[in-house]
Amino acid sequence: MLQDTQLRNTTIIAVVDDDDSIRTALESLLRSSGYTARTYCNALEFLGGNAPAETHCLISDIHMPGMSGIEMHVWLVAKGFHIPTILITGYPEAAPFLGADAPSLITLLSKPCDTDRLLSCIETALR
């Protein structure tokens, strides 16, 4: 069990969302679940540093000003970063279809996210 806890503590989950309350809530959930959480207010902030190389799992809003979560995912894959990604949206009816052409995409969840489902998706992503 200690080994699982140590692995979680070194696992970096990045949250990219322009909604401060969502970022704060997800950061709190991830930290209380034993993960290292890093938050970013938009795609360019996440892409601007070394975050893509350090991230083990990415949770991103689809609808953000500037670069969308989908555009960010496509950019990451094009640059060779195959980060397991969970997309979230407050507008699931407006979400584009994401199928087999979206490598490393784990799922699309509606906001507010069911925490048990989100944590289950993270565990799947990290396997």
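The values are calculated or read from the model by the stated rules, or taken from the named source; none is laboratory data. The model shown is predicted, which means the values in this text are computed figures rather than measured ones. Using ideal geometry, Cβ is built from the backbone for each residue, glycine included, and neighbour counts are taken over all protein chains shown.
Report those strands (runs of 3 or more DSSP E) wholly inside the stretch 1-114 carrying at least 1 residues which are at pLDDT below 90 and in contact with a helix residue (DSSP H, G or I) (Cβ under 6 Å, 6 or more places away or on another chain). Walk me through how you get there before you give the answer.
Numbers: elements: 12-16, 36-40, 57-61, 85-89, 105-110.
In the stretch 1-114, 105-110 are the strands (runs of 3 or more DSSP E) which contain 1 or more residues that are at pLDDT below 90 and in contact with a helix residue (DSSP H, G or I) (Cβ under 6 Å, 6 or more places away or on another chain).
Kindly provide the set of residues from the stretch 26-50 that are of a type outside the set (Ser, Thr, Tyr) and without any contact (Cβ under 8 Å) to a residue 12 or more places away in the chain, ordered by number.
In the first step, residues of the stretch 26-50 are kept if they are of a type outside the set (Ser, Thr, Tyr); the result is 26-27, 29-31, 34, 37-38, 41-50.
The answer is Arg31, Gly48, Gly49, Asn50.
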